[in-house]
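Take a look at the structure set out below.
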């Protein structure tokens, strides 16, 4: 580090006091390393950008509580980046959808497919109205849990729980129906 260059600790102190220029300096100094690290943790450029942005946003929000170790903020940023990437990967895996094969489409002559479709719709109809609405929002329309929570007036945790419980019920019903 150049003698005239401001230390990470000083930049962090200034950022904690609301100096956006200090955050810009931190970004300039550490974003290349954090971005390279994020590429090793997530699958695509959009996710890399999200994780890096969230890491620096977290730094900005928590600047007054961060301890700089060995005069560098980089270790803290990398650990934060790792946690954010792991959370994003878990979220993506939890919300991943499987493409249906083309041959599952219902044709007029395909009685078995019509029966399967009737059975699935019947099972969905057995869900409570709120569970059905939450599932339609999240599973059919592809809304996030937060969006579904806003639209239904319940918490994100309640949406997550309802979707999980509904999936389990439908899975169990499918297994029982096969046996």
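Is it true that some residue in segment 24-34 is farther than 23 Å from residue 5 by Cα, touching a residue at least 12 places away in the same chain (Cβ under 8 Å) and in a helix (DSSP H, G or I)?
No: segment 24-34 contains no residue that is farther than 23 Å from residue 5 by Cα, touching a residue at least 12 places away in the same chain (Cβ under 8 Å) and in a helix (DSSP H, G or I).
Cβ-Cβ distances below 6 Å connect the following pairs, each with a first residue in segment 161-179 that is assigned by TED's automatic domain parsing to the domain that holds residue 124 and closer than 12 Å to residue 123 by Cα, a second residue that is at pLDDT 75 or above and surrounded by 10 or more Cβ atoms within 10 Å (Cβ to Cβ), and a separation of six or more residues or different chains: 166/127; 166/131; 166/135; 170/123; 173/123. The conditions of being without any contact (Cβ under 8 Å) to a residue 40 or more places away in the chain, under 24 Å from the mean Cα position of the chain (by Cα) and part of a helix (DSSP H, G or I) are not met by residue 10.
Against the conditions (1) surrounded by 13 or more Cβ atoms within 10 Å (Cβ to Cβ); (2) over 30 Å from residue 164 (Cβ atoms); (3) at pLDDT 90 or above, residue 47 satisfies every one except (2).
The values are calculated or read from the model by the stated rules, or taken from the named source; none is laboratory data. The structure presented is a predicted model; accordingly, all values stated were derived computationally and were not measured. Note that we place each Cβ from the backbone using ideal geometry, even for glycine, and neighbour counts take in every protein chain shown.
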